[in-house]
Amino acid sequence: MRGLPRRPPAAPAKLVLASVLAACALLAGAPATADAQPAGPKAEVTVLLGTPCAVKKVDPEVGEPPPINYPCWKMSERKLLPLVQGTPGTMVLPNGRTFQVAYNGPTPDKPPRFKVSTSISKPDATGFNPLADFTAEPGKKFHVGGFVHQGGSLVLAIRILP
Amino acid sequence: MSLSSDNMMKLMAYADGELDGADLEEAHKLLATDPDSVRFVEQIGGLGQMVSLGYEASTAKTVAAFDVTDAVMALAKEDKQDKLERKAAVVSSLGAAREKRNSLKIGAGIAAALALAASVFVFAQHRTEETPMAKGPSAPAAQTVAVATPAPSGNGTGVEVNTVSSPGNSVSVFYLPSANELSTSVVVWVDEGEK
């Protein structure tokens, strides 16, 4: 026992090194991710189709379905619309109409809420019909729906991401 | 009360006027020595009197009858009636003690059933009020909070509907409980069918 000098444990040193490398990799990757998304708040718009059906079925992508009594829900599309004042974000819906979200700026609240106006293109595509103006806390979901499509209704689940 | 079931039966028979001879003497002895037996007979005495009155009436009717056929028919009828009354009296007497004991249980049972029914009703009403859902492609069947008017803030949804206006469309704002019923969702519903 006395003749063998005790060696310092190697595993903790390796662990520390690995942690440092992982942290560096994360820090290096973070700006790249941020570059991929435009800065500023965004409106996440999820287009859902609720239809009457015999057996209840909710696509996993839908998550929690809107509180509207359709037994079957599927997700058509999910899109992030950048919220830039003066430049409305638009997306084409499965029924051919265009949904528009206009950003009206943050509220002076702490933390701020976000004011948006929603509208949808007229059936004859001669402009937009306003729907509603919302002041929403970030991350809070709200729904705009009732657009008839494929025997059901399109419902847009919207939430503002800061 | 310390009466045995045999003594109770005997006393009931005594109260009904059914005892004679040695049984009657035994009942008298019992009444003379056991205060519980006296109390028991007093309790069922009313019924016993009623039965004995019926018995006497049937006897008087039999004596006053002139026509043999009528007398026989009347006797048979009264006898039948008497038997029915005796049966009813015995059943009532036997049930009297049980009835007293069980009356509270029955009352409690009825109260519990009413409470259960009321709670089911309230629960069903509560559920109906909390989960108004749309049926079919028309607007959700829920409370309309605002149409073309600012919706109230601070409703727990974190979303305030400022204005609603859509020329040519009927736009309604609904505050509906979400699927997990833990939160409320704002739904702006555009009824394009009313264009």
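The values are calculated or read from the model by the stated rules, or taken from the named source; none is laboratory data. Because the structure is a prediction, the values reported are computed rather than measured. A quick note on method: Cβ atoms are made from the backbone with ideal geometry, for glycine too, and the neighbour counts reach across all protein chains shown.
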### Query
Quick one: how many residues across segment A:128-138 are under 14 Å from A:ALA102 (Cβ atoms) and either in a loop (DSSP other than H, G, I, E, B) or of a type in the set (A, V, I, L, M) (or both)?
3
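Filter segment B:18-49 down to the residues that are small (Gly, Ala, Ser) and at pLDDT 85 or above, then identify the one that is surrounded by the most Cβ atoms within 10 Å (Cβ to Cβ).
First pass over segment B:18-49, keeping only residues small (Gly, Ala, Ser): B:21-22, B:27, B:32, B:37, B:45-46, B:48.
With at pLDDT 85 or above added as a condition, the list becomes B:21-22, B:27, B:32, B:37.
Numbers: B:GLY21: 7, B:ALA22: 8, B:ALA27: 19, B:ALA32: 10, B:SER37: 22.
Out of the qualifying residues, it is B:SER37.
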### Query
Just checking, how many residues over segment A:130-162 are in contact with a Leu (Cβ under 7 Å, 6 or more places away or on another chain), at the interface with chain B (Cβ under 8 Å from one of its Cβ atoms) and farther than 20 Å from B:SER183 by Cβ?
2
### Query
Which of the residues that make up segment A:104-113 are touching a Pro at 6+ places or on another chain (Cβ under 9 Å) and either modelled with pLDDT of 95 or more or at the interface with chain B (Cβ under 10 Å from one of its Cβ atoms) (or both)?
A:ARG113
### Residue within segment A:122-129 that is within 12 Å of chain B (Cβ to nearest Cβ), within 23 Å of A:VAL148 (Cβ to Cβ), out of contact with any Phe, Trp or Tyr (no Cβ under 9 Å at 6 or more places or on another chain) and touching a residue at least 12 places away in the same chain (Cβ under 8 Å) present
yes
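A quick yes/no check of all residues on (1) without any contact (Cβ under 8 Å) to a residue 60 or more places away in the chain; (2) among the aliphatic types (A, V, I, L, M); (3) farther than 21 Å from B:SER172 by Cα:
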site: A:GLY105; (1), (2), (3): yes, no, yes
site: A:VAL116; (1), (2), (3): no, yes, no
site: A:LEU131; (1), (2), (3): yes, yes, no
site: A:ALA136; (1), (2), (3): yes, yes, no
